[in-house]
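The values are calculated or read from the model by the stated rules, or taken from the named source; none is laboratory data. None of these values were measured; they are calculated from a predicted model. Cβ atoms come from the backbone with ideal geometry, glycine included; neighbour counts cover every protein chain shown. Surface accessibility is based on the protein's heavy atoms, side chains included, excluding ligands, DNA and RNA. Shrake-Rupley method; radii C 1.70, N 1.55, O 1.52, S 1.80 Å.
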Amino acid sequence: MKVEQISVFLENKSGRLAEVMRVLGSAGVNIRALSIADTSDFGILRVIVNDNDKAMKALKDNDFTVSKTEVVAVEVPDTPGGLAGILALLEKQSVNVEYMYAFIERSSDNAIIIFRFDGNDRAIKALSEAGITILEGAKVYNL
Amino acid sequence: MIWNEEFETLPREALESLQLKRLKATVDRVYATVPFYKKKFDEAGLKPSHIKSLKDMRLLPFTVKTDLRDNYPFGLFSVPMESVVRVHASSGTTGKPIVVGYTRRDIDTWAELMARTLTAAGIHKGDIVHNSYGYGLFTGGLGAHYGAERIGASVIPISGGNTKRQIMIMKDFGPTAITCTPSYALHLADVARDMGIDPAKDFKIRVGCFGAEPWSEKMREQIEKIFNIDAVDIFGLTEVIGPGVSSECIEAKRGLHVFEDHFIPEIIDPETGEPLPYGEKGELVFTSITKEAFPVIRYRTRDISCLNPELCICGRTFVRMERITGRTDDMLIIRGVNVFPSQIESALMQIEGLEPHYQLIVDRKNNLDTIEVQVEVNERIFSDEVKQLEVIEKRVVHDIKEMFGVSCKCTLVEPKTIQRSEGKAKRVIDKRQL
Ligand SMILES: [Zn+2]
């Protein structure tokens with residue numbers, strides 16, 4: 001039920017993001033979702049791609065510092081308050097959200113939100129029990 | 001193991017009388033043959049005959065780096081050029097280098113001293129020595145080479161550079177000892193890992209002699225762990241002879257035995273020039289007492305150290321100098337506080353996962369000194385969460401503040417962005433316009 005995400009350390013220098021894209025592109029890796037967290041001097045790029053091993057290798061070969069993290073991909077109903085309901089549910093279980101980012105599924109127009117929780121397993125259990133759709137890694141990589 | 005039992009374990013009294021005899025001969029020699037020294041002695045009203053005991057050393061004038069530069073290239077040679085069989089030069093990046101000469105006997109002395117150095121590290125006949133010190137005008141390569149040959153080891157004269165090829169050779173030739181700068185050792189390990197080679201398992205190296213740049217105890221631990229070897233600190237400088245001035249023994253690995261039958265070490269206060277007693281930190285000064293072509297009298301190294309006269313477990317009677325903890329000219333004065341890059345390095349190495357790939361950027365903004373510590377991010381400290389990385393930055397800032405009382409900024413940078421030279425790492429960029 002978990003999705004693997006790749007994180008890349010970036011200095012806040014122009015051209016570094018473009019360089020990651022170039023490296024992934026020339027390795028034939030497709031990006032499914034992406035977000036950047038940044039501070040005044042560095043950033044962390046988080047991506048979900050169609051081929052983790054290929055992406056990790058290409059980035060390491062180009063001297064980027066990378067790591068893999070497990071995240072949870074949740075399908076959010078396309079109704080007002082859809083996300084609010086999910087967050088309320090998690091709060092009740094005292095699961096904290098470390099960070100999250102969204103993208104749109106092309107086939108259904110549903111929003112997919114990638115979550116990094118401080119307790120992924122507890123979150124998955126609570127969400128599943130509430131009947132919320134959690135996407136398998138394989139599905140997300142091939143969206 | 002001791003290469004020259006007779007001299008390296010001389011009782012203190014016998015050593016001192018030998019030193020005095022040799023010192024007098026050196027003083028006579030430079031006064032008679034080197035106009036620079038004669039002029040300096042005359043200006044100080046000093047005659048060679050005034051040196052009657054080792055204590056009289058303090059009467060001798062100091063020699064500083066600019067004196068050597070001013071006499072470029074051969075002005076301080078004490079023998080005619082036809083007696084000089086070799087020259088070397090310092091790796092000065094600015095201006096003219098410092099040129100030193102060797103007679104045939106000097107080369108022989110040097111090989112003897114490097115044989116002592118390698119033997120002190122436990123290297124012997126039957127070992128294969130991978131010598132990555134640069135060959136050429138730099139003294140490192142040929143110094144280690146002659147020493148290794150003298151003890152009967154097999155030498156791989158690989159010199160510096162072409163790291164991937166070096167790793168192939170280390171894997172295929174199976175050297176049991178390595179000689180290089182400590183930063184190059186770490187660079188070798190980095191590249192080896194990138195090639196899928198584990199330096200601890202895939203090499204047969206047992207021991208390394210590392211020198212030619214300051215390094216720390218933490219860096220030693222790291223090198224020993226990465227390669228699964230003993231890492232021994234060796235010391236020397238071109239102006240004195242090259243490597244082979246002092247060396248640690250593998251038995252203690254605590255301080256470098258100065259080869260006192262050839263060099264007299266002193267520690268002085270860098271401000272006043274007054275000699276300091278054993279145990280006190282100050283500037284290291286050397287007088288050579290057996291060299292023929294290029295003797296030096298009270299040469300100020302600008303290296304910071306102290307001397308320990310305690311008898312060592314290895315049996316050598318020579319005093320031990322503490323590993324170099326900085327340079328008088330590297331010493332940064334940040335808002336009036338003396339800061340040595342090596343101290344910042346040891347603070348960084350206390351933090352789990354950090355590697356000694358760092359650079360200090362010193363600047364002055366609004367008349368206030370600022371210091372920025374750039375540290376490379378590796379996989380051990382990298383996290384997908386911003387706050388985890390900020391914890392590391394804050395820890396660096398906090399630890400340095402604790403240590404020096406100086407506030408700094410810590411910036412994490414991408415791996416391999418801080419320049420790794422094949423030889424010496426550039427640690428400090430001082431942008432202050434004073
Ligand atoms: Zn010893």
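Which FRET efficiency value, to the nearest 0.05, is calculated for A:Lys125 and B:Lys394 with the Förster distance at 45 angstrom and r the Cβ-Cβ distance? Provide the component values of the computation, followed by the final result.
Working: r = 34 Å, r/R0 = 0.76.
Efficiency, rounded to the nearest 0.05: 0.85.
For the protein assembly as shown, what is the charge dipole size about the Cα centre, in debye to the nearest 20, if Lys and Arg each add +1 at the Cβ and Asp and Glu each add -1 at the Cβ?
1360
Do the alpha carbons of any pairs in B:Lys225/B:Lys401; B:Lys96/B:Lys416; B:Lys21/B:Lys47; A:Lys139/B:Lys387; B:Lys24/B:Lys65; B:Lys24/B:Lys291 sit beyond 21 Å of each other, and which pairs?
B:Lys225/B:Lys401; B:Lys96/B:Lys416; A:Lys139/B:Lys387; B:Lys24/B:Lys65
Would you mind checking the tilt of helix B:386-404 against the longest principal axis of the Cα atoms of chain B, expressed as 0 to 90 degrees and rounded to 10?
Here the helix axis deviates by roughly 30 degrees.
Hey, in the GNM for chain B with a 10 angstrom Cα cutoff, which one of B:Ser90, B:Ser78, B:Ser49 fluctuates hardest?
In this elastic network of chain B, the residue with the biggest mean-square fluctuation among B:Ser90, B:Ser78, B:Ser49 is B:Ser49.
Determine the total buried accessible area between chain A and chain B, counting protein heavy atoms only with a 1.4 Å probe; round to the nearest 100 Å².
1800
Calculate how steeply helix A:16-26 sits against the longest principal axis of the alpha-carbon atoms of chain A, using the helix alpha-carbon long axis, and give the answer as 0 to 90 degrees to the nearest 10.
90
Decide, for segment B:1-127, between rounded, prolate and oblate: order the square roots of the alpha carbon gyration tensor eigenvalues as a ≥ b ≥ c, take rounded if a/c falls under 1.5, and otherwise choose prolate if a/b is larger than b/c, else oblate.
On the way: a/c = 2.17, a/b = 1.22, b/c = 1.78.
Oblate is the answer for segment B:1-127, as a/c is 1.5 or above yet b/c matches or exceeds a/b.
Per residue, how much accessible area does segment A:70-141 show when a 1.4 Å probe rolls over the protein heavy atoms, in square angstrom?
Ligands and nucleic acids excluded, the figure is 52 Å² per residue.
Can you give the angle from 0 to 90° between the axis of helix B:104-120 and the longest principal axis of chain B, with both taken from C-alpha atoms, to the nearest 10?
With rounding to tens, the tilt is 40 degrees.
If you count, for every residue in B:413-419, the Cβ atoms of partner chains within 10 Å of its Cβ, what is the mean?
Mean partner shielding for this stretch: 4.
Order B:Leu46, B:Leu59, B:Leu142, most accessible first, counting only protein heavy atoms with a 1.4 angstrom probe.
Listed by decreasing accessible area, they come as B:Leu59, B:Leu142, B:Leu46.
Just the number, please: carbon plus sulfur as a percent of the accessible area of chain B, 1.4 Å probe, no ligands or DNA/RNA counted.
52
I want to verify a result. In a Gaussian network model of chain B, Cα cutoff 10 Å, which of these has the top mean-square fluctuation: B:Arg206, B:Arg116, B:Arg395?
Highest fluctuation among the options: B:Arg395.
Using a 1.4 Å probe over the heavy atoms of the protein chains, calculate the carbon and sulfur portion of the accessible area of chain A as a whole percent.
Using a 1.4 Å probe with all protein chains present, chain A comes out at 48 percent carbon and sulfur.
Please report, for the Cα atoms of segment A:70-141, the Rg to one decimal and the Dmax as a whole number; what are they, in angstrom?
Both quantities, over Cα of segment A:70-141: 11.4, 33 Å.
Summarise the partner chain shielding of A:58-69 as one whole number: the mean count of Cβ atoms from other chains within 10 Å of each residue's Cβ.
3
Calculated FRET efficiency, A:Glu136 and A:Ser94, Cβ-Cβ r, R0 25 Å, to nearest 0.05?
So, using R0 = 25 Å, E works out to roughly 0.45.
I'd like the residues of segment B:350-396 whose 1.4 Å-probe accessible area shrinks by no less than 40 Å² going from the isolated chain to the full set of protein chains.
Correct list: B:Glu379, B:Phe382, B:Asp384, B:Glu385, B:Val386.
Once Rh is set to the Kirkwood radius over Cα pairs, what Stokes-Einstein translational diffusion coefficient, in µm²/s, holds for the protein assembly as shown at a temperature of 10 °C and a viscosity of 1.306 mPa s?
On the way: Rh = 27.2 Å.
D, rounded to a whole number, is 58 µm²/s.
Return the distance in nm (one decimal) between the two label points of a simple spin-label model at B:Ile429 and B:Arg335, each offset 7 Å from Cα along Cα→Cβ.
Between B:Ile429 and B:Arg335, the label points sit 2.3 nm apart.
Kindly provide the trypsin sites (Lys or Arg not before Pro) of segment A:46-143 that DSSP labels as loop, not H, G, I, E or B, and whose Cβ sees at most 15 other Cβ atoms within 10 Å.
Answer by residue number: A:Arg106.
Counting only pairs 8 or more places apart or on different chains, how many lysine pairs in segment A:1-120 have C-alpha atoms closer than 24 Å?
Value for segment A:1-120: 11.
If I model a spin label as a point 7 Å beyond the Cα along the Cα-Cβ vector, how far apart are those points for A:Asp63 and B:Met403 in nm?
Once both label points are built, they end up 2.5 nm from each other.
Specify whether the C-alpha gyration tensor of segment B:1-328 places it in the rounded, prolate or oblate class, a ≥ b ≥ c being the square roots of the eigenvalues: rounded for a/c under 1.5, otherwise prolate if a/b is larger than b/c and oblate if not.
prolate
Taking springs between alpha-carbon atoms closer than 10 angstrom, which of A:Ser108, A:Ser35, A:Ser94 fluctuates most in the Gaussian network model of chain A?
A:Ser108
Using a 1.4 angstrom probe, figure out how much accessible area segment A:3-69 has per residue, in square angstrom, rounded to the nearest whole.
41
Determine the relative contact order of segment A:70-141: mean sequence separation of Cα pairs under 8 Å and six or more apart, normalised by residue count, in whole percent.
Contact order relative to length: 43 percent.
With every protein chain present, what is the per residue accessible area of chain B (1.4 Å probe, Å²)?
Counting only protein heavy atoms, the per-residue value for chain B is 42 Å².
First measure r as the distance between the Cβ atoms of B:Glu16 and B:Glu280, then evaluate 1/(1 + (r/R0)^6) with R0 = 30 Å and state the FRET efficiency to the nearest 0.05.
Working: r = 20 Å, r/R0 = 0.68.
So the FRET efficiency works out to roughly 0.90.
Looking at the square roots a ≥ b ≥ c of the eigenvalues of the Cα gyration tensor of segment B:202-339, which shape do they give, rounded for a/c under 1.5, prolate if a/b is larger than b/c, or oblate?
Numbers: a/c = 1.74, a/b = 1.27, b/c = 1.37.
Oblate, because a/c is 1.5 or more while a/b does not exceed b/c.
Size of the dipole of segment B:56-177 about the Cα centre, Lys and Arg at +1 and Asp and Glu at -1 on the beta carbon, nothing else charged, in debye to 20?
Taking the Cα centre of segment B:56-177 as origin, the dipole is about 300 debye.
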